[in-house]
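Asker: For reference, the structure I am asking about is given below.
We did not get these values from a lab; they are worked out from the coordinates using the rules stated. Here the structure is a predicted model, which means the values were calculated and not measured. Here Cβ is always computed from backbone atoms with ideal geometry, including for glycine, and neighbour counts include all displayed protein chains.
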């Protein structure tokens, strides 16, 4: 017989011995510090990453806000907790339009953004984010994954110390919310409108006064009359932002953005330091996130449009003559932009080549929409 105290000591010794043996047989791995991205040795079964990720849209927005949340939760789940992305809404640590700058400079490890915001310093980014009268979203995915789009984008962003991963895509945005109906091209003359990307440049050529505002600032500008009209995203997103309360003419189709992408941009040095399996986890979960966001966006719009009448909103379709003029001006603009920037020219040629082949399939395979 042994005393209770002796038994307790024996148990403690056994537990400590087991712990030491367990630690001894584990191989050291790395932990990435969230502040400076440096790696240090640690005894664990897998590499641990915890990154700060600023967002260009708020997490509480329907559909759009779900994208980064889905990605973060998926990475955490499939990695067994080894990869964690801490998400921050616009302005919490980085303004919505400054995400790629912050990632490039190493202020944050990664960011969730619309690459079209880089248009001022990387002209080709506008085509990667959204191209007027461009590919439909599933065709864009074909171009990105199988048509050379990913490789071309990575090549363009490498000099900027960034690795862009396609992690989300949605279908056409609305053509905008207007206080007054748009009945002819002349109605754009002098119109004060918030508009993004290449579509904004097209409207400028038609005489509109175009400004860029982040999503969280649009309603106030519209309500106070600083702008007469705006575009931003899908009907369900725009309604959540309150546009329907002050501008009740919602126009379609989304000629300026038939697709809109979301990318996770990662500091290139950190990306290169990841293991092969970690990079595979990021790429695979981003593919899942892209499909998830597209499905969510397509599923959510019909019910919103059905309820427009209750809120006094009129869904309108732009007259065909306006669409034809917009398309003509777009073609001229794209050709001019291509002449001024070789990367823009490369992306435009790649997308046009893919679309030419894809159209052969699309016209034969899909039912006519007016059937």
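Asker: Round to the nearest 10 and give me the degree value, 0 to 90, for the angle of helix 66-78's Cα axis relative to the longest principal axis of the chain.
Answerer: 30
Asker: Still on this model: Could you work out which residue, out of 176, 120, 215, moves most in a Gaussian network model of the chain, that is, has the largest mean-square fluctuation with Cα springs under 10 Å?
Answerer: 120
Asker: Would you mind computing, in nm to one decimal, how far apart the modelled labels at residue 287 and residue 317 are, each placed 7 Å from Cα along Cα→Cβ?
Answerer: A separation of 3.7 nm, rounded to one decimal place.
Asker: May I ask you to order 50-57, 110-117, 122-129 by the average number of other C-beta atoms within 10 Å around their residues, highest value first?
Answerer: 110-117, 122-129, 50-57
Asker: Same structure again: What area, in nm² and to one decimal, does the C-alpha convex hull of segment 62-127 cast on average over all directions? Show your work: numbers first, answer last.
Answerer: Working: hull surface 21.6 nm².
So the mean shadow area of the Cα hull is 5.4 nm².
Asker: Return the FRET efficiency for the residue pair residue 158, residue 359: r is the Cβ-Cβ distance, R0 is 35 Å, and the value is rounded to the nearest 0.05. It would help to have the intermediate numbers written out before the result.
Answerer: Values: r = 31 Å, r/R0 = 0.89.
Taking R0 as 35 Å, the efficiency between residue 158 and residue 359 is 0.65.
Asker: Also: How many angstrom lie between the C-alpha centres of segment 266-322 and segment 120-160?
Answerer: First find each Cα centre; the distance between them is then 15 Å.
Asker: Right, next: Please sort 298-309, 275-286 by packing, taking for each peptide the average over its residues of neighbouring beta carbons within 10 angstrom, highest first. Display every interim value, and only then the final one.
Answerer: Working: 298-309: 13.9, 275-286: 15.7.
Top of the packing list down: 275-286, 298-309.
Asker: A further question follows. How do 273, 238 rank when sorted from fewest to most other Cβ atoms within 10 Å of their own Cβ? Each step should come with its number before you reach the end.
Answerer: Numbers: 273 15, 238 25.
Ordered from fewest to most neighbouring Cβ atoms within 10 Å, 273, 238 come out as 273, 238.
Asker: Let me ask you something else. In whole angstrom, and with the biggest value first, how far do the Cα coordinates of segment 305-371 range along each principal axis?
Answerer: 49, 31, 21
Asker: Tell me the label-point distance for the pair residue 310, residue 60, using the 7 Å Cα-to-Cβ offset, in nm and rounded to one decimal.
Answerer: 2.1
Asker: A follow-up question, please. Return P(r) of segment 167-256 (all Cα-Cα pairs; 10 Å bins starting at 0; whole %; ordered from short to long distances).
Answerer: Spelled out bin by bin, segment 167-256 gives 18, 56, 24, 2 percent.
Asker: Over all alpha-carbon pairs of segment 48-181, lay out the pair-distance distribution in 10 Å bins, whole %, shortest bin first.
Answerer: 11, 38, 39, 11, 2, 0
Asker: A follow-up question, please. Give me the percent of DSSP beta bridges within segment 139-287 that run antiparallel, rounded to the nearest 5.
Answerer: Values: 13 of 18 bridges.
Close to 70 percent.
Asker: Over segment 231-317, what is the mean sequence separation of C-alpha contacts under 8 Å (at least six apart), divided by residue count, expressed as relative contact order in percent? Spell out each step's value before the answer.
Answerer: On the way: 36 pairs, mean separation 54.1, N = 87.
Value for segment 231-317: 62 percent.
Asker: Rank-order 325-337, 199-211 by packing density, defined as the average count of other C-beta atoms within 10 Å over each peptide's residues, highest first.
Answerer: On the way: 325-337: 16.1, 199-211: 18.9.
In decreasing order of mean packing, 325-337, 199-211 become 199-211, 325-337.
Asker: Compute the long axis of helix 4-25 from its Cα atoms, compare it with the longest principal axis of the Cα atoms of the chain, and write down the angle in degrees, 0 to 90, nearest 10.
Answerer: Value to nearest ten degrees: 50.
Asker: While we're looking at this one, here's another question. Contact order normalised by length for the chain, with contacts defined as Cα pairs under 8 Å and 6 or more residues apart; what percent is it?
Answerer: Values: 622 pairs, mean separation 75.8, N = 371.
That works out to 20 percent.
Asker: Report the label-to-label distance for residue 138 and residue 220 in nanometres (one decimal), using points 7 Å from each Cα along the Cα→Cβ vector.
Answerer: 4.2
Asker: Nearest 10 degrees, 0 to 90: what angle lies between the long axis of helix 320-340 and the longest principal axis of the chain (Cα atoms)?
Answerer: Result, in degrees: 60.
Asker: Bin by bin, in steps of 10 Å, what percent of the Cα pairs in segment 211-341 do you find, going until the bin that has the longest distance?
Answerer: For segment 211-341, the binned pair fractions read 9, 27, 30, 23, 9, 1 percent.
Asker: Out of all DSSP beta bridges in the chain, what portion is antiparallel? Express it as a percent rounded to 5.
Answerer: Once the DSSP bridges in the chain are tallied, antiparallel ones form about 55 percent.
Asker: I've got another one for you. Just from its helices, what would the mean residue ellipticity at 222 nm be for the chain, if runs of 4 or more DSSP H residues each count -39500 (n - 2.57) and the sum is divided by every residue, rounded to the nearest 500 deg cm²/dmol?
Answerer: Details: 13 runs with 172 residues, N = 371.
Calculated from helices alone, the mean residue ellipticity at 222 nm is -15000 deg cm²/dmol.
Asker: Another question, if that's okay. Using the number of other C-beta atoms within 10 angstrom as an exposure proxy, rank 157, 251 with the fewest first. Numbers along the way, then the final one.
Answerer: Details: 157 24, 251 21.
Least crowded to most crowded, the residues run 251, 157.
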